[in-house]
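The values are calculated or read from the model by the stated rules, or taken from the named source; none is laboratory data. Please read all numbers here as calculations on a predicted model, not as lab measurements. Because the Cβ atoms are built from the backbone with ideal geometry, glycine has one as well, and the counts that use them run over all protein chains shown.
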Amino acid sequence: MDGAVDAGLKDWLKAEAEALGFAHVGFAGCEPFKDGHLQEWLEGGGRELFPYLAAPELLDPARLLAGAETALVGFFPYARPDAVPGMVPGSLKLSRYVWGPDYHMVMKARLQRLLASAKSHRPGLEGRVCVDTAPLLERQLAVRAGLGWQGRHTLLIAGKGGSWGFIGVLLLNVRLPLDKPFQGHRCGSCRACLDACPTGALSPFRLDPALCLTTYNLETEREPPGNVLEAMRETTWIAGCDRCQEVCPWNRTPLWGDAKLWGGASPLHTLPAEELPRGTAQWKKLTRRTALRRVRHRHWIANLGRVLPEPEK
Ligand code: B12
Ligand code: SF4
Ligand code: SF4
């Protein structure tokens with residue numbers, strides 16, 4: 001594939017990606033990122049907790065696809081009006097992004113379909129789909145593609161589209177016209193997310209992964225430090241945490257995800273904690289094809305023990 005600029009392919013890809021549910025789509029170059037504060041993040045706990053996110057791989061998107069030139073970056077909204085964690089008195093809080101079908105599956109399938117279709121039009125085109133799990137700085141790539149900025153909570157805010165959206169990336173071995181990177185930020189003097197975080201994991205534009213609730217209730221089975229454990233119990237976040245996004249003014253009028261795609265609330269979101277099913281088979285049934293299936297049953301049970309008050313003796 002030569003590196004010729006191809007506006008026709010770009011416009012076609014953008015229109016197709018939008019038709020597949022991506023509310024914002026931009027195109028970024030795949031040149032390596034500058035180190036910035038990455039080392040600091042790795043040494044501050046990132047390396048130990050997420051060993052697959054190692055430098056220098058993380059800094060170079062082209063390591064994921066030979067000859068990668070352009071990244072299509074899409075923002076896939078997932079908020080929906082009926083998904084309000086803790087909306088039923090006595091229920092536990094599961095973050096919005098685990099309420100529906102597993103976004104990895106949904107977005108990967110759609111981007112794979114787009115890639116297959118693009119390849120059939122352009123012999124020689126190669127690509128790679130990345131959604132969350134690849135060692136890729138997806139939010140930085142989204143900023144480079146002009147989709148928005150990383151807020152003080154570190155998440156991508158897609159302007160008026162807010163931050164309730166996943167990022168999906170399609171790396172391509174062809175040079176397409178690039179979008180203008182987003183410059184600066186639009187957080188102003190706001191500090192709402194920093195003040196609302198129950199564990200103090202946030203400082204401006206920086207997250208301490210060793211303190212974020214999500215690290216312990218979803219990503220790792222390690223025992224949380226005392227203050228995180230206390231915060232889990234007080235806030236009842238049992239899977240993920242949305243607090244820093246709930247208070248963000250950019251999320252006041254969110255982009256709603258496709259209602260048909262997300263289905264209804266499951267008993268995990270609505271039952272009082274004491275009535276939640278405990279058995280492995282029920283857990284598997286309730287989490288089938290959802291992002292929660294990535295959490296082991298024994299981790300879920302451990303989380304329940306952490307969140308529920310000690311029984312009175
Ligand atoms: C590891 C990971 C986590 C970890 C660590 C998060 C983190 N901020 O690093 C944990 C488990 C805590 C986590 C939590 C969540 N995650 Co997560 N996570 C990832 C993952 C896999 C990698 C993130 C990463 O690259 N971290 C590495 C560090 C280096 O990135 P960084 O924070 O941008 O670091 C920069 C800044 O901190 C800054 N910096 C560092 N130090 C300093 C110091 C100063 C002074 C300054 C100015 C700056 C600065 O420089 C660093 C390098 O550029 C991505 C998917 C992907 N492959 O990108 C999803 C991803 C970021 N997660 C996502 C989501 C949805 C979440 C949660 C909302 C889930 C939930 N509801 O519970 C929470 C939100 C927590 C939060 N406020 O960020 C989405 C975010 C979508 C969006 N709109 O941005 C992603 C993109 C997945 C996806 N494909 O959609 N996540
Ligand atoms: S997800 Fe929760 S614990 Fe993690 S930084 Fe945001 S508010 Fe803090
Ligand atoms: S809550 Fe305020 S500081 Fe935090 S990301 Fe949103 S606008 Fe920025």
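Regarding the range 252-260, can at least one residue be identified that is within 16 Å of ligand 3 (Cβ to nearest atom) and either assigned to a helix (DSSP H, G or I) or exposed (fewer than 15 other Cβ atoms within 10 Å of the Cβ) (or both)? Outline the logic, then answer.
Taking the range 252-260 and keeping what is within 16 Å of ligand 3 (Cβ to nearest atom), we get 252-255.
This time we only want the ones that are either assigned to a helix (DSSP H, G or I) or exposed (fewer than 15 other Cβ atoms within 10 Å of the Cβ) (or both), so: 252-253.
Yes, that holds for at least one residue.
Inspect the range 239-261 for any residue being in contact (Cβ under 8 Å) with a residue 24 or more places away in the chain, under 11 Å from LEU94 (Cβ atoms) and touching a strand residue (DSSP E or B) at 6+ places or on another chain (Cβ under 6 Å) and give the result as yes or no.
yes
Restrict the check to the range 227-249 and report whether at least one residue is part of a loop (DSSP other than H, G, I, E, B) and away from ligand 2 (no atom under 16 Å from the Cβ).
Within the range 227-249, the subset part of a loop (DSSP other than H, G, I, E, B) is 236, 240-242, 247-248.
Restricting the remaining residues to those that are away from ligand 2 (no atom under 16 Å from the Cβ) gives none.
Taking every residue of the range 227-249 in turn, none turns out to be part of a loop (DSSP other than H, G, I, E, B) and away from ligand 2 (no atom under 16 Å from the Cβ).
Might you let me know whether the range 182-198 holds any residue that is under 20 Å from PHE50 (Cα atoms), within 12 Å of ligand 1 (Cβ to nearest atom), touching a residue at least 40 places away in the same chain (Cβ under 8 Å) and assigned to a helix (DSSP H, G or I)?
no
Considering only the range 130-150, how many residues are within 15 Å of ligand 3 (Cβ to nearest atom), buried (at least 24 other Cβ atoms within 10 Å of the Cβ) and either under 21 Å from LEU53 (Cα atoms) or not assigned by TED's automatic domain parsing to the domain that holds ALA55 (or both)?
Of the residues in the range 130-150, 1 are within 15 Å of ligand 3 (Cβ to nearest atom), buried (at least 24 other Cβ atoms within 10 Å of the Cβ) and either under 21 Å from LEU53 (Cα atoms) or not assigned by TED's automatic domain parsing to the domain that holds ALA55 (or both).
Between LEU170, LEU176, LEU207, LEU218, which is more than 12 Å from ligand 1 (Cβ to nearest atom), of a type outside the set (Phe, Trp, Tyr) and within 17 Å of the chain's Cα centre (by Cα)?
Working: LEU176 fails: within 17 Å of the chain's Cα centre (by Cα); LEU207 fails: more than 12 Å from ligand 1 (Cβ to nearest atom); LEU218 fails: more than 12 Å from ligand 1 (Cβ to nearest atom).
Matching residue, one of LEU170, LEU176, LEU207, LEU218: LEU170.
Which number in (1) surrounded by fewer than 18 Cβ atoms within 10 Å (Cβ to Cβ); (2) closer than 28 Å to ARG206 by Cβ; (3) at pLDDT below 90 marks the one condition that ARG63 misses?
With (1) surrounded by fewer than 18 Cβ atoms within 10 Å (Cβ to Cβ); (2) closer than 28 Å to ARG206 by Cβ; (3) at pLDDT below 90 applied to ARG63, the lone miss is (3).
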